Amino acid sequence: MDLQTDIQYLKGVGEKRAVLLRKLGICTVDDLLHFYPRTYEDWTNIRTIEEAAIGETCCVRAVVDRKPIGVRIRKGMTVFKTDVTDGKSLMQITIFNNRFLAEKLETGEEYLFFGRVSGNLWKKEMVSPMAEKPQSAERIHPVYRLTEGLSGRTVERLVSAALEHCAAQCAETLPQSIRDTYCLCGIRDALYNIHFPPDADYADHARRRLIFEELLTLTLSMRSMRTRNRARTECAALNDCTAAFLNTLPFVPTGAQSRAVQAIAADMARNVPMNRLLQGDVGSGKTAVAAAAVYLAVHNGMQCAFMAPTEILAMQHFKTLSAFFEDSDIRIALLTGSAKASEKRKIYAALQSGEIHVLVGTHALITPEVVFHRLGLVITDEQHRFGVEQRAALGEKGDNPHLLVMSATPIPRTLALMIYGDLDVSVLDELPPGRKPVKTYAVTGEKRERVWNYVKKYLDKGMQGYIVCPLVEEGELPLAAAEEYAAQLREGPFHRYAVGLMHGRMKPRDKEEVMRNFADRNIQLLVSTTVIEVGVDVPNAAIMVIENAERFGLSQLHQLRGRIGRGQAESSCILISDAQNDEALRRLRIMTQTNDGFRIADEDLKMRGPGDFFGARQHGLPQMKIADMLEQTELVHEAGEAAEKLLREDPNLSAPEHRALCAAVEKLFAKIGSSGMN
């Protein structure tokens, strides 16, 4: 038997059990060895009945006082009860519908009972505990993710069998130098101790080693994408004219913007395609940097594709770029799914002839009818909202074009390097001069009338505002639905003002009309769902109210807030929430304390569960078995550091001590590649 043996043929499995194991992703013996416990039960910390606290889950050693007696309480339900004693106190054991466990308990025999203690001070009780003889059970037990028909004890026995037969075959992927530098145990010790640790320290050491290995392998696989599949490009931009463009701007670029433009110009001058992530907080000036890249591409004889996830954002970028190039000979067109067929045909023809230099649009850009004359630069905004295959489809419309990915989601740099491992990273961490921070307040619903009066002060000065609510239509009372809510505001406190409504279920054309009216100041107050979260830029908007603010994540609140404060007026954001739970209150407190998107992102990382912050699966990243990039940031950093050193010393991982690691990287690279990352 070896590591790649089908799980069906491991002793104790068989055909039926193999079906259940495959549901958990366990197809081979190797898969089972790397099916790690999600937590542990400590059966070594034994309590007396008197010590066991009510509400505590613990282990009690006791002797069965009498054989459990079964009482049928209804059809299909039998309850078994007995008393157990530790010589000083009695505890009642109640077992629901488990005849096997009830019959296993023999009078006068000693057992370890593991479960939650209930009852009262006079007589404690354990309901449906686990029970084992002390000789075999007094240890730390692994707790696995399960599926119906498969018990934890069964998985435990099968893992033990797999370790016995195949653990010795596991190749050591980490060279001794790395294990010594980062104090990591060997792979076999790690596998034994992650499943059956003698104590908590052994489990921690095993986890650390396995997490490090997983992160290192992922980092190396992602970094290898920078050099693989990077065929030569005929789109080298040898004439660096970016300084001329920056001189035309009506403002002085920040240092971060200038550095990003220099990096882009250097990338695009090479004969391999640029692959760069431009990451910046709300309002940091990403579009100006992207415009410099467009200017550079067009003045070197190339066309550009600029893809955004929504029609509203595509329209926004079209307007912004048109303003940047108003006095130039750069011709820009907008293509969205809702455009008329005749309009689309004109664009297709002008694009193919090279008459159009820049095409801005949504997913419509990747349709077969879109043919470029010479596509040299692809820009995608909020790339995590696209499937990776869509990004690839757009790139295939050119001859290995340069790629610039923009994201307004602040991510710590180390994490960004891992998630976007195939991209170089530029960070815009400075806000343009004169940009005033948005003052943010958190209030309860009882102050709503005062809030409305505050909003009116802005509207009376000629400013505009947003009211954001989480819902689109009725369904989750008592939260107001957007449509009904807008009507209430229009007829009630804001009857003297022009109130508009926009939500995600409106037709694209209707959304555009609402945004056009808002931008033209025909709408003073816009009631909206989070459809305005990204990209809508109305400099005259200076006040925002977010209803039920506890229903939004920190990063989302920050993105929403970024829609105001874009003009010269002092802006305010008011968060309304009646939530009392600690996490919601902490989120609201952070929002009132800082406008720094990177600090907010760090706090969001700490507060959210695994994978929830960034939705890493959207990027085609493989599912982590044990690592959590969002919580184990120190290990992410260490793995990144180790990867850099390895690649400096042995770029192809061809040294004998790196062969097993190279094989693991190749295996993961193939998996990522098949998911569309490359």
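The values are calculated or read from the model by the stated rules, or taken from the named source; none is laboratory data. Just so you know, these numbers come straight off a predicted model, no measurement behind them. As a convention, Cβ positions derive from the backbone with ideal geometry for all residues, glycine included, and neighbour counts pool all protein chains shown. Keep in mind that these areas ignore ligands, DNA and RNA; they rest on the heavy atoms of the full protein, side chains included. Shrake-Rupley method; radii C 1.70, N 1.55, O 1.52, S 1.80 Å.
For the reader, a short list of remarks on this structure follows.
- In Hz, Karplus ³J(HN,Hα) per residue of the range 423-433 (6.51, -1.76, 1.60; θ = phi - 60°; x = Gly, Pro): 10, 7, 10, 10, 10, 9, 10, 10, 8, x, x
- Summary of packing: across the peptides 90-96, 33-39, the per-residue average of other C-beta atoms within 10 Å ranks them, highest first, as 90-96, 33-39.
- The range 53-111 and the range 1-33: distance between their alpha carbon centers, rounded to Å: 34
- With Cα atoms, 0 to 90° folded angle of helix 152-166 axis to the chain main axis: 90
- Size of the range 50-183 as Cα extents on the principal axes (Å, biggest first): 60, 35, 25
- Positive-end residue of ALA244, LEU459, GLN593, charge dipole of the chain with Cβ unit charges: LEU459
- Dipole of the chain, positive direction: furthest Cα of LEU278, CYS662, GLN169, with charges on the beta-carbon: LEU278
- Mean Cα-pair separation over length for the range 87-145, i.e. relative contact order, pairs under 8 Å, 6 or more apart, %: 37
- Charges were assigned to the Cβ only: +1 to each Lys and Arg, -1 to each Asp and Glu. The resulting dipole of the range 1-158 about its Cα centre is roughly 720 debye.
- Couplings for the range 209-224, taken from phi via the Karplus curve 6.51 cos²θ - 1.76 cosθ + 1.60 with θ = phi - 60°, read 5, 6, 5, 4, 4, 5, 5, 5, 4, 5, 4, 5, 5, 5, 5, 5 Hz in order; Gly and Pro are left as x.
- Normalised by the number of residues in the chain, the mean separation of alpha-carbon contacts (under 8 Å, six or more apart) gives a relative contact order of 12 percent.
- Kirkwood hydrodynamic radius over Cα pairs of the range 255-378, then Stokes diffusion coefficient at 25 °C and 0.890 mPa s, in µm²/s: 164
- Listed peptides 311-321, 487-497 appear in the order 311-321, 487-497 once ranked by packing, highest mean of other Cβ atoms within 10 Å at the front.
- Taking each DSSP H run with n ≥ 4 as -39500 (n - 2.57) and averaging over every residue of the chain yields -11500 deg cm²/dmol at 222 nm.
- Amide H contacts of GLU41 (H built 1.01 Å from N, under 5 Å, at least 5 apart or other chain): HIS141, VAL143
- For the chain, the Kirkwood radius over C-alpha pairs fed into Stokes-Einstein at 20 °C and 1.002 mPa s yields D = 73 µm² per second.
- Mean Cα-pair separation over length for the range 272-335, i.e. relative contact order, pairs under 8 Å, 6 or more apart, %: 26
- Put simply, the amide H of ASP83, placed in the peptide plane, has neighbours under 5 Å in ASP65, ARG66, ILE93, leaving out anything fewer than 5 places away on its chain.
- Relative to the longest principal axis of the Cα atoms of the chain, helix 14-23 runs at roughly 40 degrees.
- Virtual spin-label span in nm between HIS165 and ALA349, 7 Å along Cα→Cβ: 7.0
- Charge context of SER353, other residues only, Cβ under 14 angstrom, K/R +1, D/E -1: +3
- Within the accessible area of the chain (1.4 Å probe), percent carbon and sulfur: 49
- Residues of the chain: accessible area per residue with a 1.4 Å probe, Å²: 46
- For the chain, the longest principal axis of the Cα atoms and the long axis of helix 286-298 meet at an angle of about 60 degrees.
- Distances between placed amide hydrogens fall under 5 Å for LEU277 paired with VAL405, ASP424, VAL425, SER426, all partners being 5 or more residues away or on another chain.
- For the listed peptides 213-222, 16-25, 459-468, 647-656, a ranking on the average number of other beta carbons within 10 Å per residue, highest first, reads 213-222, 459-468, 16-25, 647-656.
- The range 1-67 - convex hull of alpha carbons, volume per residue in Å³: 180
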